[in-house]
Amino acid sequence: MIKVEIRGLCKSFGKHEVLKGIDCDIETGEVVCVIGPSGSGKSTFLRCINCLEQPTSGTIKVDGHIMDENAKNIDELREDVGMVFQQFNLFPHLSVLKNITIAPVLRKKMSEDEAKKVAMELLARVGLADKADAMPRSLSGGQKQRVAIARALAMRPGLMLFDEPTSALDPEMVGEVLDVMRQLAEEGMTMVCVTHEMGFARQVADRVIFVDGGVIAEEGTPSEVFGNPKSQRLKDFLNAVAEA
Amino acid sequence: MSFFELLIQSLPLLMQGLALTLELAAVSLLIAMVIGIAASLMGMSKNPILRAINRAFVAIIRGTPLLVQGFFIYFGITGILGIRMTAFTAGVIALSLNAGGYMSEIFRGGIQAVDPGQTEAARSLGLSKRQTTWRIVIPQAIRICIPSVVNQWCITIKDTSIISVLGFAELTKIGQQIIARTFRSFEVWIMVGVLYFIVIYLLTVLARIVERKVSLD
């Protein structure tokens, strides 16, 4: 079953054309990793999927529904698309628990008790059950990101978007976040991850998309993309990453 | 007459003046907060006419002295419209418009200082624009605004002394009247100054406690 259908996606910021026509289908349960040099448009691509960026042209459908900023039901459509940000974006004025329960209570009309139960289960899953009453400022980067993942999962989304979720972390905290994501992938979550973690992409992805210059320059299974890159641009990119 | 005799003799009158000062400041600041919120919302509106009105309002308030604003309202407006108002009413209008103009910029700055990532995270969870504004952005903007708002309160409390020239007996005016009778300029201005200082000092101490209570750092 197709979860996300993207056709002719273009996005410009003023005169600057970031995405120049992207076509892409994502199957339910598929884990797609998006790689590419910085400025290639991979984050913009991801942000168009839940309409944080409104496409200049082209269409994006999630479960057959067109994602449009001005659509009446855009809030409901976004409920099904969880997102995890590079900078975590936890709500600093709310406790860890409230960060997770706010959306289910406001959107799904869940009772506080019910939402709390869900939140505690999720916190246990990401290994932070003891941090429920902590404020975000007291958490490490890796802990913040795991709370952010739990917050997104609390809406029971059918699709999760990850925008460089480990890029702002100290190296020793990358593993704990990737472990949670790996577990999520194994449970069958449909995931699109913009990432610089080539090891993660190689291991977890069903498909790797290489975005360069605002288009999908190459895509395939991890073994195809990493083992047998066809285009010179991808070869150069992989070499540059390997040297770093 | 010794300093203490003068103090004991003057204090009841000075306290009356202080009460009027505080009343004028409190009423004006209350209205100024409402004006400030409304004006800042206009300033951030999508409607270009509302934005232009806000910009003109702030420019006029910032570009003219409070004293001129007070005279204009008390003598200019009443004259041209043929209406009467008390000096106190004119003072309240002038002070609340004046402080409201500055507050509108404080509130706008506070809301715009909230990380756009907060809005993105809230919207990505499905929260509506309204829910995002009231549950996520405003609570953080208030914390950012507190120091500047308290600063404006201090300024407005002291600005009541300027507006007293319209003719009502707040603290500074009472001080002048006592001096006119006693010729003890040095001592009386110290008393007046200390009274302002105490009020403002207490306010800032209170503000700092609140600030620490709600701090996110």
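Below are the figures for this structure:
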read-out: Over region B:60-137, relative contact order from alpha-carbon pairs under 8 Å, at least 6 apart, %; value: 28
read-out: Only Lys, Arg (+1) and Asp, Glu (-1) charged, at Cβ; the protein assembly as shown dipole about Cα centre in debye; value: 1720
read-out: Calculated P(r) tail over 44 Å for the protein assembly as shown, as whole % of Cα pairs; value: 35
read-out: Inter-chain Cβ neighbour average for residues A:84-97, partner chain, 10 Å; value: 4
read-out: Where Rh is the Kirkwood radius over Cα pairs, Rg/Rh for region B:61-189; value: 1.19
read-out: Region B:95-191: relative contact order in percent, alpha carbon pairs under 8 Å with at least 6 residues between; value: 28
read-out: Sites matching trypsin sites (Lys or Arg not before Pro) across region A:141-181 that sit in DSSP coil, with at most 11 neighbouring C-beta atoms within 10 Å; value: none
read-out: Three semi-axes of the equivalent ellipsoid, region B:166-217, Cα gyration tensor, whole Å, largest first; value: 35, 12, 5
read-out: Relative contact order (%) - criterion: Cα under 8 Å, at least six apart; region: chain A; value: 26
read-out: Above-threshold pairs, the threshold being 24 Å between Cα atoms, out of A:Lys15/A:Lys61; A:Lys42/A:Lys235; A:Lys15/A:Lys230; A:Lys117/A:Lys144; value: A:Lys15/A:Lys61; A:Lys15/A:Lys230
read-out: Per principal axis, descending, Cα span of region A:1-48 in whole Å; value: 37, 21, 13
read-out: Region A:1-139 - Debye-derived log10 I(q)/I(0), Cα point model, q = 0.13 Å⁻¹; value: -0.72
read-out: Sites B:Phe75 and B:Glu211 - FRET efficiency at Förster radius 41 Å, r taken between beta-carbons, to 0.05; value: 0.50
read-out: For region A:40-86, convex hull volume per residue from C-alpha positions, Å³; value: 79
read-out: Solvent-free Debye scattering, log10 I(q)/I(0), computed from the Cα coordinates of region B:116-216 at q = 0.11, 0.13 Å⁻¹; value: -0.55, -0.66
read-out: Values of log10 I(q)/I(0), in the order q = 0.15, 0.25, 0.29 Å⁻¹, for region A:14-74 under a Debye, Cα-only, solvent-free model; value: -0.50, -1.26, -1.47
read-out: Semi-axis lengths (Å, descending) of the ellipsoid that matches the C-alpha gyration tensor of chain A; value: 30, 22, 16
read-out: 10 Å-binned pair-distance histogram of region B:2-123 (Cα, whole percent); value: 12, 29, 28, 16, 10, 4, 1
read-out: Shielding by other protein chains, A:76-82, mean Cβ within 10 Å; value: 3
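No value in this document is a laboratory result; all are computed from the given coordinates. Just so we're clear, the structure is a prediction, and the values are computed from it rather than from any experiment. Note that each Cβ is placed from the backbone with ideal geometry, even for glycine, and that neighbours are counted across all protein chains shown.
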